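Presented below is the structure to which this report refers.
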Amino acid sequence: MPDTRTTTEQIPIRVFGGPTALFEYGGLRFLTDPTFDAPRDYHVPGGRLTKTAPASAVPSGLGRIDVVLLSHDEHPDHLDDSGRTLLADVPLTLTTPGGGQRLGRGARGLVDWEQIELDRPGGGTITVTGVPAVHGPGPREEVEPITGQVVGFVLTGDGLPTVYVSGDNASLDLVKEIAERFGAVDTAILFAGAPRFPMLFDGALIVLDSAQAADAARILGARRVVPVHYDSWAHFTEGRDELIAAFTDAGLPDRLDLCDRA
């Protein structure tokens with residue numbers, strides 16, 4: 001698909017650790033998967049999740065949040081206690097269909113390719129499209145009963161760069177579908193970290209590893225990749241060094257933006 005982008009604008013992004021990032025787009029402020037609890041253990045079915053480092057900001061220091069883009073609500077490494085409290089003060093949370101029902105007021109679930117129009121300050125709109133993601137290896141119908149629904153997002157608007165937020169996606173085939181629909185993207189916020197659990201899928205990846213993140217960047221034709229979801233939790237098996245090495249090996253080191261943590 002030809003590259004039809006008309007802007008070279010780079011949106012400002014702050015990353016806080018884990019899957020949590022704040023970016024400004026079209027005059028609105030978007031927050032991904034809010035996780036602001038202190039380091040601790042969370043007991044989950046079949047085991048536990050361990051947060052190893054605090055976020056580099058606190059909710060009270062973020063300023064206005066217009067929209068939360070929540071890949072899924074069922075795991076505390078994507079929505080923790082502090083994050084749930086934060087949602088009460090945010091006008092709109094976009095998430096999975098099941099999450100929209102569970103979270104209630106202010107939350108809206110998006111099915112695959114469903115779009116919502118958001119008014120921009122001063123006129124115009126932003127389109128947010130819910131895009132498919134699968135939280136583990138294999139077909140979604142086999143994975144979702146184990147790890148739950150996950151959604152990604154694509155943001156577009158007249159005169160604005162195209163932004164992709166992957167959520168906890170492990171499928172490059174789905175990345176290809178997204179690229180076929182939207183063409184090249186300007187900024188991809190990719191969830192990485194190569195998380196694995198021995199008790200799930202025989203230890204197979206449940207989100208992209210670093211090499212796959214570089215593959216996704218190539219598939220998307222992304223000018224800029226901001227990785228998240230690779231630090232601050234014990235179940236991530238790859239981090240900053242592996243991301244740098246993978247993008248260097250792929251010949252894409254100039255695309256990688258690690259966004260020094262705020």
Would you kindly calculate the translational diffusion coefficient of the chain, applying Stokes-Einstein with the Kirkwood radius from alpha carbon pairs, for 4 °C and a viscosity of 1.567 mPa s, and quote it in µm² s⁻¹ without decimals?
71
Mind listing the long-range amide H neighbours of A184? Cut-off is under 5 Å, sequence gap 5 or more, other chains count too, H placed in the peptide plane at 1.01 Å from N.
T4
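Bear in mind these aren't lab numbers, they're just calculated from the coordinates by the rules spelled out. All of these numbers come straight from a predicted model, not from anything done at the bench.
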